[in-house]
Amino acid sequence: MKQTWAICKSELSQLFYSPIAWLIIVIFSFQTYQAFTSQLGIIANDMDLHGVAKNVTSYLFAHVSGLYNSMMRNLYMFIPLLTMGLMSRDMSNGAIKLLYSSPVTSTQIILGKFMSMVLFSFVMIGVAFPAIWFAGAHVENFDYGLVFSGLAGAFFLFWAYSAIGLFMSCLTNYQIVAALLTLGTLGFLNHLSNVGQQLDFIRDITYWASLSVRTEQLVFGLVSSEDIIYFVIVITLFLLYSIFLLQYKKNPRKGLCAAKYVGATVIVLALGYLTSRPSMVFYHDATQIESNTLTKNSIDIVKKLEGKLDITTYANLSDYESWCASPVTISDDIKRYKTYLRFKPDIKMKTVYYYDEPLHNPDYGEPDASDMRETAVKFAEGFGIPWHKVLTPEEIRQKIDLRGEQNYVVKQLTTEDGRQTWLRVFDDMLKYPDEQEITTALYRLENGALNAAFLTGHNERSIRRAEDADYNGFSSAIHSREALVNIGFDVKEVSADTTFKTDVLVVADVRKALTETESRNILDYLADGGNMVLTFEPQRAGLVSDILAYLGVGVLNGTVVYPGSATAPTVIPAVTTDYASILSGYFFPHMMVSMPTAAAIDYMLSSEWDAVPVLATPGADCWNETETTDFGEISDVSELSANRAAGEFQKSHSLAIALSRKVNGKEQRVMVIGDADCLSNVEMGSPRKSFRALNQFFCTGVFNWLSDNRLPIDVSRQSPIDNAMDITPESAYNWTVLLKWVLQAILAVIGVIVIVVRQRR
C-alpha cells in the first residue's frame with residue numbers, strides 16, 4: 001500500500017505542478033459555469049416575469065444545457081490530455097525500468113496511477129460544489145437527491161474515462177498517440193449504442209456497453225445497480241488490461257497474457273450481463289417527488305398482472321410512419337418501458353417487420369414507388385433491415401390480420417394465458433404511448449374494457465365517419481390518444497329494438513323518432529341502473545322527450561344566444577360550474593367549452609335524482625331566443641334582442657347537467673348535454689380563435705365520471721416543488737460574473753502560485 005500511495009503522490013505532483021493541468025481546470029470550470037449561468041439567467045427572467053420557474057433544480061443541473069451535461073460533454077475532450085502521460089511519460093524517459101527493477105508490482109503501479117486520477121477528480125468535478133452551494137441556498141425546496149445522484153454520475157464517468165486513458169497510455173511511449181487513442185476509444189464507446197441496431201443480440205450488447213447512456217438516469221436522480229456495476233466493470237476491466245500489459249512488458253509470455261485478457265473479459269462481461277437482467281437490477285429514485293418512478297396506480301396495475309408479458313411491435317414498411325419502429329428507435333423504445341421492468345421484469349419485447357397496403361395513408365409514396373413492395377424495399381435498405389426478415393402481405397395475414405389497425409405501427413400485448421390488447425402509436429407530436437396509454441393497456445389485460453354503446457338507427461352522430469359533425473374523433477379514432485378506445489373503453493353501435501346491456505349508453509342527437517319498443521328498452525335500461533350520455537340539438541330535443549321526462553329534465557324552446565360572441569351569436573363559450581370539479585378532475589374550474597347551438601336545460605330537484613349543473617352560460621346576459629329559428633343570415637348578436645314579452649329573459653342558463661341516484665346498490669350516472677355539436681369532430685379538433693375551448697377535456701371528464709372515475713387511469717403525479725428561486729435578473733448577472741469569471745481567475749492565480757513555488761524549489 002505504501003508503494004501504491006507513493007506512486008499516487010508522485011503522479012499528483014506531476015499534475016498539480018503542470019501548467020496544462022491547471023489550464024484544463026480553468027477552461028473546464030469556465031465551460032461548466034457558462035452552462036450553469038446561462039440557465040440561471042433564464043430562471044431569473046422567469047421569476048421576474050411570472051414569479052415562478054418550474055422544476056428549478058432539474059433545469060439548472062439535469063437539463064440538456066445544464067451543468068451536469070455540460071461537464072460530461074467536456075470531460076470527453078479533457079481526460080485524454082490528463083491521462084496521456086500517466087504511463088507514456090515513464091516509458092519514454094526510462095523511469096519504467098526503474099520501477100520494474102524496484103520491489104513494486106505492476107498492480108501497485110497501475111493502482112497508484114489510477115488513484116492519482118481519482119483524487120484529481122475531486123478537483124475537476126469539485127468545481128461544481130460552488131454551484132450546488134449557491135443553488136441550495138437560493139432555490140426553494142432544492143432537490144439535493146437529484147443533484148448528488150448526478151454528481152455521482154459525473155465522478156463515475158471521470159473514473160471510467162481515466163481507467164481507459166490509463167490503458168491507452170500503457171500502449172505507447174508517445175503521449176500524443178496515447179491521447180488520440182483515448183479520444184478515439186471514448187468516442188467509440190460513447191457512440192456504441194448506434195452500432196448493430198439491426199440485430200437484436202448485437203444491439204443488446206452494444207447498448208449495454210455504451211458509455212453515453214450510463215449517466216442519463218443518474219443525472220435525473222435515478223440510481224440503478226446496473227449503471228453502478230457497469231462503471232465498476234469498465235474501470236476494473238481496463239485496470240486489469242493495464243496490469244496485464246505491464247506484466248507482459250516486464251516478462252513477455254504471449255500465451256499467458258492472451259489467456260489473462262480473454263479470461264478477464266469473459267468473466268467481467270458475463271458478470272455485467274447477469275447483473276443487467278431486469279430481475280437482478282435494483283433502483284433508488286433519489287428525487288424528492290420520485291419523478292423517475294411509476295405512479296401508484298400504474299404500480300398497482302403492473303403488480304396485479306401475473307405471468308410473462310410479451311410486447312410485439314408490428315411495423316409496416318410500406319407506411320411512411322414505419323420509422324417509429326425502425327431499428328435505431330428500438331433501444332429508446334426499450335428504455336421507455338424500463339420503469340415497468342422495475343416492477344415486472346418478465347416483459348419481453350420484439351419487433352416484426354412486414355409490408356402491406358398502407359391503409360393509414362394510402363396516398364403515400366413517391367411517383368415511382370406505387371408498388372408497396374418497392375416502397376418497403378427502399379425503407380428496409382434505408383433502415384438496414386435484412387429483407388429476409390420482412391414478411392409479405394400473405395405471411396403477415398396468416399400470422400395476424402392488422403387491417404383493423406390500418407396496417408399502422410402498433411404493439412400487441414399478450415399475457416402468458418393468451419389475453420391480448422393493442423397499444424398504439426398516435427397521430428400527434430409525441431407519437432409514442434406514454435405512461436397513461438401503457439398503463440391503460442395493462443389495465444385492459446387484467447380487468448377488461450368498459451363498453452360504450454352508441455345508439456344507432458335514427459341518423460345519430462356516427463362513430464365510424466370522420467365528417468365534421470360526427471363522433472368518431474373522441475370514440476373510435478384508433479390513432480387519437482384521447483379517443484375512448486385508447487383510454488380503456490370498447491366502443492360499438494347498438495340498436496334499441498331489442499334489450500341490451502352496456503356500461504355506458506350514448507344517445508347522440510336522435511333525428512328520427514324512436515319506436516315505442518325502442519323507447520321502452522332504453523327506459524328499461526335506465527330503470528335497471530344503466531349509465532348514459534344524452535346529447536341533442538335544440539330543435540330535436542322533442543325526439544327524446546320520453547327519456548328527458550323519465551330523468552326529470554326539461555328543455556326550453558329556442559336556442560341560447562350570447563351577446564358577447566365574437567363569432568356567431570349562437571356560439572356559446574360555456575363555462576364549467578363550481579360544482580363540476582367535484583365530479584371529475586378533468587372539469588377544470590371555469591373551463592370553457594365551445595357549444596355552437598345549445599339548448600337551455602331546466603331540471604327539477606327531486607328525491608330520486610341528484611342534479612348537478614356542469615356547464616352554464618358565461619354570464620347572466622344570455623337569453624333563450626325563441627322568435628328566431630334560422631340563424632344562417634345573422635352574424636352579429638346586435639341584430640337580436642331579448643323580447644321579454646315572448647318569454648326571452650337574460651339570465652344564466654344550464655347547458656349540461658349530471659344526474660345520479662342509487663339503483664341496485666350502485667350509483668347510476670347520466671349526463672345530459674344541450675348541444676350535440678360540442679362533442680363533434682370539428683369542435684374537438686379546431687380550437688376557437690376567440691376563446692380557448694377545451695372540449696376534449698370536457699368529453700374525457702364526462703366519460704371519466706360515467707366510469708366511476710376509473711377511466712382514464714389516473715397517472716397524475718405530484719408537481720415539482722422546487723418552483724421558486726430568490727433571484728432577480730440583476731443578481732443573476734452579478735452571480736454570473738462571480739462564478740463565470742472571478743472563480744476562474746481565482747483558480748488561475750492559485751495555479752500560477754503553485755507552479756511558481758514549485759519552480760523556485
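Just so it is clear, none of the values below were taken in a lab; they were calculated from the coordinates. From a predicted model like this one, the values you see are computed outputs, not experimental measurements. All Cβ positions, glycine included, derive from the backbone under ideal geometry; neighbour counts span all protein chains shown.
Taking the C-alpha atoms only, the angle from helix 225-250 to the longest principal axis of the chain is near 20 degrees.
Loop-located chymotrypsin sites (Phe, Trp or Tyr not before Pro) in the range 516-601 (DSSP state other than H, G, I, E, B) with a sparse environment of at most 15 neighbouring Cβ atoms within 10 Å: Tyr579.
Hey, could you grab the Kirkwood Rh for the range 490-641? Inverse mean 1/r over distinct alpha carbon pairs, Å, one decimal. Kirkwood hydrodynamic radius for the range 490-641: 17.2 Å.
Relative intensity of the range 271-423 on a log10 scale, I(q)/I(0) at q = 0.17, 0.20 Å⁻¹, equals -1.01, -1.22, per a Debye sum over C-alpha point scatterers of equal strength in the absence of solvent. For the chain, the residue among Phe28, Asn704, Val213 whose Cα projects farthest onto the positive side of the dipole built from Cβ charges is Phe28.
For the range 449-706, just list the percent of Cα-Cα distances falling in each 10 Å bin from zero outward, please. Taking every Cα pair in the range 449-706, the percentages come to 7, 32, 38, 19, 3, 0.
Each of Val749, Ile396, Val670 was scored by the projection of its Cα onto the charge dipole of the chain, and the greatest displacement toward the positive side belongs to Val749; charges sit on the C-beta of Lys, Arg, Asp and Glu.
Just want the ordering: Val561, Val749, Val123, from fewest to most Cβ atoms lying within 10 Å of their own Cβ.
Ascending number of Cβ neighbours within 10 Å: Val749, Val123, Val561.
Using 12 Å as the cut-off for backbone N distance, which residues of the range 271-310 belong to the label zone defined by a point 7 Å from the Cα of Asp417 along Cα→Cβ? Answer for the range 271-310: 305-308.
Each Lys or Arg adds one and each Asp or Glu subtracts one; over the other residues with Cβ under 15 Å from the Cβ of Ala732, this totals -3. Summarising the overall dimensions of the chain from its C-alpha atoms, the Rg and Dmax are 33.8, 116 angstrom. Here the gap between Arg403 and Trp741, fully extended at 0.36 nm per residue and compared with their Cα-Cα distance, gives a gain of 115.4 nm.
Among Asp675, Asp610, sorting on how many other beta-carbon atoms sit within 10 Å of each Cβ, with the fewest leading, yields Asp610, Asp675. For the pair Ser545 and Asp630, a Förster radius of 35 Å applied to the C-beta separation gives a FRET efficiency near 0.95, rounded to the nearest 0.05.
Stretched out straight at 0.36 nm per residue, the stretch from Met77 to Thr392 would grow longer than its current Cα-Cα span by 108.6 nm. Simple spin-label estimate for Asn734 and Asp48 gives 1.4 nm between the two label positions (7 Å along the Cα-to-Cβ direction from each Cα). Here the spin labels are modelled as points 7 Å beyond Cα on the Cα-Cβ line, and at Lys378 and Phe129 they lie 6.0 nm apart. Just to confirm a number: summing +1 for Lys and Arg and -1 for Asp and Glu over residues other than Ser707 whose beta-carbon lies under 15 angstrom from that of Ser707, what do you get? It works out to a net charge of -2.
Each pair of Cα atoms in the range 601-685 enters the Kirkwood radius, and Stokes-Einstein at 37 °C and 0.692 mPa s then converts it into a translational diffusion coefficient of 212 µm²/s.
Kindly put Val575, Val612 in sequence by how many other C-beta atoms sit within 10 Å of each C-beta, fewest to most.
Values: Val575 20, Val612 17.
Ordered by Cβ neighbours within 10 Å, fewest first: Val612, Val575.
Hey, how many Å between the Cα centroid of the range 536-599 and the Cα centroid of the range 406-482? Their Cα centres are 27 Å away from one another.
Enter the angle in degrees (range 0 to 90, nearest 10) between the Cα long axis of helix 372-383 and the first principal axis of the Cα atoms of the chain, meaning the one along which they spread out most. Roughly 30 degrees, rounded to the nearest 10. When you work out D = kT/(6 pi eta Rh) for the range 375-471 at 25 °C and 0.890 mPa s, using the Kirkwood radius from C-alpha pairs as Rh and the Stokes-Einstein form, the result is 145 µm²/s.
Positive-end ranking of Gly145, Leu67, Met87 along the dipole of the chain, with charges on Cβ about the Cα centre, is headed by Met87.
Computed over the range 229-342, the Cα gyration tensor eigenvalues convert (square root of 5λ each) into semi-axes of 41, 22, 13 Å, ordered from largest to smallest. Cross-link partners of Lys399 among lysines, defined as those whose alpha carbon lies under 18 angstrom from its own and excluding same-chain residues fewer than eight positions apart: Lys350, Lys389, Lys411.
About the Cα centre of the chain, how large is the charge dipole given +1 on each Lys and Arg Cβ and -1 on each Asp and Glu Cβ? Please answer in debye to the nearest 20.
My answer is approximately 5700 debye.
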